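For reference, the structure is listed below as structure tokens.
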Amino acid sequence: MIEKEKSECLLIPFDLKNFRNCKEVVDKHMEKYGRLDCLVNNASKQHEEKNFEDIDLDNVETSFQVNVIQVIGLLAIISRQYIYSCIRCTR
């Protein structure tokens, strides 16, 4: 589908539970494209239980790692390495 539109996509599989992978993902993207115009994070994890007492705290912890910590990790890496350096370059 992407190729049909004469575009390309960089696929980078990584473990969303480990925010330390974020730097590698950002570096690979920047190496290929040289810039980042927009960050879309469509990954998420969710577990539903009918009864509150059935909630598995391991699932809650993993969901928090994927849905919150990973997003903060990506934004921290991007802002530290690229946004501030781009601002300095344009002044």
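Values computed for the structure shown
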quantity: Of all residues making up the stretch 14-32, the number that are modelled with pLDDT of 80 or more and among the basic types (Lys, Arg); calculated: 3
quantity: Among (1) over 15 Å from Leu74 (Cα atoms); (2) surrounded by 10 or more Cβ atoms within 10 Å (Cβ to Cβ); (3) at pLDDT below 85 - the single one Ile2 does not satisfy; calculated: (2)
quantity: Close pairs (6 angstrom Cβ cut-off, 6 or more residues apart or separate chains): within 25 Å of Lys23 (Cβ to Cβ) in the stretch 1-13, assigned to a loop (DSSP other than H, G, I, E, B) and of a type outside the set (Gly, Ala, Ser) anywhere; calculated: Cys9/Ile2
quantity: Filter result for Val40 (hydrophobic (A, V, I, L, M, F, W, C), loosely packed, with under 10 Cβ neighbours inside 10 Å and either within 29 Å of Leu10 (Cα to Cα) or in contact with a helix residue (DSSP H, G or I) (Cβ under 7 Å, 6 or more places away or on another chain) (or both)); calculated: yes
quantity: Selection from the stretch 25-45 of residues that are over 11 Å from the mean Cα position of the chain (by Cα) and closer than 22 Å to Ile69 by Cβ; calculated: Asp27, Lys28, His29, Met30, Leu36, Cys38, Lys45
quantity: Considering residues of the stretch 62-88 that are exposed (fewer than 12 other Cβ atoms within 10 Å of the Cβ) and at pLDDT 80 or above only, the residue farthest from the chain's Cα centre (by Cα); calculated: Ser79
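The values are calculated or read from the model by the stated rules, or taken from the named source; none is laboratory data. This is a predicted model, so every value here is computed, not measured. Quick reminder, even Gly has a Cβ in these numbers, built from the backbone with ideal geometry, and neighbours come from all protein chains shown.
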